[in-house]
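S.K.: Mind having a look at this structure? Questions to follow.
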Amino acid sequence: MNFLEERIVKDGVVKPGNVLKVDSFLNHQMDISLMDQLGDEFKRRFAGKNINKVLTIEASGIAIACSVARAFGVPLVFAKKSKSVNIDGDMYVAEVESFTHKNKNQVIVSKKYLSPDDHVLIIDDFLANGCALQGLISITESAGATVEGLGIAIEKGFQFGGRSIRNLGYHLESVAIVDSMNAETGEIVFREQ
């Protein structure tokens with residue numbers, strides 16, 4: 001069992017509806033030393049890649065992506081879920097459906113921050129149905145940039161997102177892959193990696 005799986009077993013809570021709450025350490029209150037471990041782990045897993053930019057989506061992926069960007073020594077760009085007055089000029093846009101929030105958002109990245117010269121590592125906290133990743137892949141490819149890989153903290157292996165992303169030929173690495181969860185017993189089964 002790796003460091004993240006151990007932490008999920010210790011502090012994660014399984015809720016009905018295939019919900020895994022990790023808000024005490026990953027995506028509400030954050031354990032910064034755990035974020036740094038994740039950054040180092042993704043640096044190890046993508047060490048042979050020519051990465052010059054990290055891309056994520058607001059909000060929960062930002063903390064992990066900061067640690068990853070620090071590990072690689074590259075900038076972090078995050079896709080915003082709404083246009084604000086301080087974003088000007090041309091933008092890349094993708095529609096993304098959230099498994100957790102059961103809604104759709106248009107996510108945007110300013111064209112100044114992604115270019116054909118960029119080799120991008122996409123990072124997020126969870127992978128369920130893969131819509132967020134597909135939106136970030138779409139934005140990256142619209143910029144003419146190269147998707148070097150995708151790094152996920154927790155993948156719900158019993159949902160189709162990971163399989164569909166891998167079937168498209170992308171290098172996807174998940175630190176913890178949950179194969180099943182039981183809300184009644186709290187049991188979590190991880191995939192051997």
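S.K.: Kindly evaluate S82 against the criterion of being modelled with pLDDT under 95 and open to solvent by 50 Å² or more (accessible area, probe 1.4 Å). Show your work before the answer.
M.R.: On the way: modelled with pLDDT under 95: yes; open to solvent by 50 Å² or more (accessible area, probe 1.4 Å): yes.
In short, yes.
Rundown of residues vs (1) surrounded by fewer than 16 Cβ atoms within 10 Å (Cβ to Cβ); (2) of a type outside the set (D, E, K, R); (3) more than 18 Å from I123 (Cα to Cα), yes/no style:
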| residue | (1), (2), (3) |
| --- | --- |
| K10 | yes, no, yes |
| I32 | yes, yes, no |
| I51 | no, yes, no |
| E58 | yes, no, no |
| G61 | no, yes, no |
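S.K.: Let me ask something else about it. Six or more apart or on different chains, Cβ atoms under 9 Å: show the pairs whose first residue is in segment 128-157 and more than 14 Å from A79 (Cβ to Cβ) and whose second is open to solvent by 20 Å² or more (accessible area, probe 1.4 Å) and of a type in the set (K, R).
M.R.: Listed by first residue and then by second, the contacts come to G130/R163; E148/K49; G149/R45; G149/K49; G151/R45; E155/R191; G157/R163; G157/R191.
S.K.: Being part of a strand (DSSP E or B) and either under 20 Å from L76 (Cβ atoms) or open to solvent by 10 Å² or more (accessible area, probe 1.4 Å) (or both) narrows it down to one residue among S180, S115; which is it?
M.R.: One residue alone meets the criteria, S180.
S.K.: Another question, then. Can you tell me which of I137, I108, I152, I123 is more than 21 Å from K21 (Cα to Cα) and either crowded, with 19+ Cβ neighbours inside 10 Å or not hydrophobic (A, V, I, L, M, F, W, C) (or both)?
M.R.: Working: I108 fails: either crowded, with 19+ Cβ neighbours inside 10 Å or not hydrophobic (A, V, I, L, M, F, W, C) (or both); I152 fails: more than 21 Å from K21 (Cα to Cα); I123 fails: more than 21 Å from K21 (Cα to Cα).
Criteria check complete, one pass: I137.
S.K.: If I filter segment 120-159 down to residues being part of a strand (DSSP E or B) and among the charged types (D, E, K, R), which single residue comes out as nearest to K49 (Cα to Cα)?
M.R.: First, the residues of segment 120-159 that are part of a strand (DSSP E or B): 120-127, 146-156.
Next cut, among the charged types (D, E, K, R) only: 124-125, 148, 155-156.
On the way: D124: 18, D125: 21, E148: 6, E155: 22, K156: 25 Å.
If we take residues in segment 120-159 being part of a strand (DSSP E or B) and among the charged types (D, E, K, R), then E148 is nearest to K49 (Cα to Cα).
S.K.: Against the definition (touching a residue at least 40 places away in the same chain (Cβ under 8 Å) and out of contact with any strand residue (DSSP E or B) (no Cβ under 6 Å at 6 or more places or on another chain)), how does F42 come out, yes or no? Can you show your working first?
M.R.: Details: touching a residue at least 40 places away in the same chain (Cβ under 8 Å): yes; out of contact with any strand residue (DSSP E or B) (no Cβ under 6 Å at 6 or more places or on another chain): no.
Criteria not met by F42.
S.K.: Return only the number of the condition from (1) part of a strand (DSSP E or B); (2) closer than 22 Å to G144 by Cα; (3) touching an Asp or Glu at 6+ places or on another chain (Cβ under 9 Å); (4) modelled with pLDDT of 90 or more that Q106 does not satisfy.
M.R.: Of the numbered conditions (1) part of a strand (DSSP E or B); (2) closer than 22 Å to G144 by Cα; (3) touching an Asp or Glu at 6+ places or on another chain (Cβ under 9 Å); (4) modelled with pLDDT of 90 or more, the odd one out for Q106 is (4).
S.K.: Return the residues of segment 159-187 that are more than 17 Å from the chain's Cα centre (by Cα) and under 25 Å from M35 (Cα atoms); say none if nothing qualifies.
M.R.: Once the filter is applied, which keeps residues that are more than 17 Å from the chain's Cα centre (by Cα) and under 25 Å from M35 (Cα atoms), segment 159-187 yields D179, S180, M181, G186, E187.
The values are calculated or read from the model by the stated rules, or taken from the named source; none is laboratory data. Since we're looking at a predicted model, the values are computed, not measured. Positions of Cβ are backbone-derived with ideal geometry, glycine not excepted, and every protein chain shown enters the neighbour counts. Note: accessible area is taken over every heavy atom of the protein model, side chains too, but ligands, DNA and RNA are not part of it. Shrake-Rupley method; radii C 1.70, N 1.55, O 1.52, S 1.80 Å.
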